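What follows is a set of notes on a single structure, which appears directly below.
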Amino acid sequence: MNYAHYESMGELLDFPGPGFAARGQVLLDFLRKNYPDAAEEVERFLDAIPPRTLDLQELHTRTFDVQAVTTLGTGYVLFGDDYKRGALLSNLNREHNEAENDCRGELADHLPNLLRLIPKLKDRELRDELVEHILVPALMLMIREFDPKRIEKKNENYQKHYKTLIDPAGGCDSTIYRLALEAVLDVLARDFPVTETMSKLSDWSSRPQTMDFLRLVEKEMDIERDANPVNSGCDA
């Protein structure tokens, strides 16, 4: 099977640059012919993104980086700062190097990098394990973070800590990247035998986890406040 479309799926979640919408349209045309469910989600995503590249970049940053809804670091989503993430990064670095997959300055577990790695892996078993044990569970947890109640809780924490809350760029919907993540998950579910795995994880992904992004946000804020209460934006 040809997995070349994962290069484009990775670009959908990359930090956007000029020509993003045009490349997204090419991907949409491909998905319409081969993955109709994912195509519907990507179409809704492309229709909702702000037209200005700068606004879209701000939205990407707001979603995945500064006062983030979630993160694109799959290992961080699954393990937090646990040693298991370090082991995962080490193994993934080796695979990226062997496959000559450019990580573009991001860590080895960065979701777009893993999507671009899929078509470059020659070991079918390794590719299947990457999808089943890393990508699918991480995506399910990322998507969970867009639940309105979880976003509200994170925003409360951000506002309490930083004394201000960054508004969505251009007044657009701050949750639209959920559509892109859901599209990636739909494509993976069509290309790989992960339906049973997703069914088993559906209950798991809906429950609070030890490595929970919301809890990690709260923990990092507590650490920053205690380390430097003046610069953290909190009262000393």
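Values computed for the structure shown
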quantity	calculated
Residue list for the stretch 11-23, restricted to those being over 17 Å from the mean Cα position of the chain (by Cα) and either buried (at least 20 other Cβ atoms within 10 Å of the Cβ) or of a type in the set (Lys, Arg) (or both)	Arg23
Subset of the stretch 21-68 (residues that are over 18 Å from Asp186 (Cβ atoms), not charged (D, E, K, R) and not in a helix (DSSP H, G or I))	Ile49, Pro50, Pro51, Val66, Gln67, Ala68
Helices (runs of 4 or more DSSP H) wholly inside the stretch 95-196 that include at least 2 residues being within 15 Å of Asp14 (Cα to Cα) and of a type outside the set (Val, Ile, Thr)	111-117, 177-191
Residue in the stretch 137-148 that is basic (Lys, Arg) and at pLDDT 95 or above present	no
The one condition in (1) modelled with pLDDT under 95; (2) over 14 Å from the mean Cα position of the chain (by Cα) that Ser8 fails to fulfil	(1)
Filter pass, Leu121 being touching a residue at least 60 places away in the same chain (Cβ under 8 Å) and closer than 19 Å to Tyr3 by Cβ	no
Options Glu43, Glu58, Glu98; residue that is at pLDDT 95 or above, under 19 Å from the mean Cα position of the chain (by Cα) and either charged (D, E, K, R) or surrounded by fewer than 19 Cβ atoms within 10 Å (Cβ to Cβ) (or both)	Glu43
Within the stretch 69-94, considering residues that are in contact with a helix residue (DSSP H, G or I) (Cβ under 7 Å, 6 or more places away or on another chain), part of a helix (DSSP H, G or I) and of a type outside the set (Lys, Arg), the one surrounded by the fewest Cβ atoms within 10 Å (Cβ to Cβ)	Leu89
Single residue of Thr61, Thr53, Thr74 found to be hydroxyl-bearing (Ser, Thr, Tyr) and touching a strand residue (DSSP E or B) at 6+ places or on another chain (Cβ under 9 Å)	Thr74
Check on Leu89, touching a Pro at 6+ places or on another chain (Cβ under 8 Å) and among the aliphatic types (A, V, I, L, M)	no
Residues of the stretch 24-40 classified as more than 23 Å from Leu114 (Cβ to Cβ) and surrounded by fewer than 16 Cβ atoms within 10 Å (Cβ to Cβ), total	5
In the stretch 154-177, residue modelled with the lowest pLDDT [restricted to those that are closer than 24 Å to Pro16 by Cβ and charged (D, E, K, R)]	Asp167
In the stretch 85-118, the residues that are farther than 18 Å from Pro137 by Cα, among the hydrophobic types (A, V, I, L, M, F, W, C) and without any contact (Cβ under 8 Å) to a residue 12 or more places away in the chain	Cys103
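The values are calculated or read from the model by the stated rules, or taken from the named source; none is laboratory data. In this text the structure is predicted, and so the values were computed from the model without any measurement. Neighbour counts run over all protein chains shown; Cβ positions are idealised from the backbone, glycine included.
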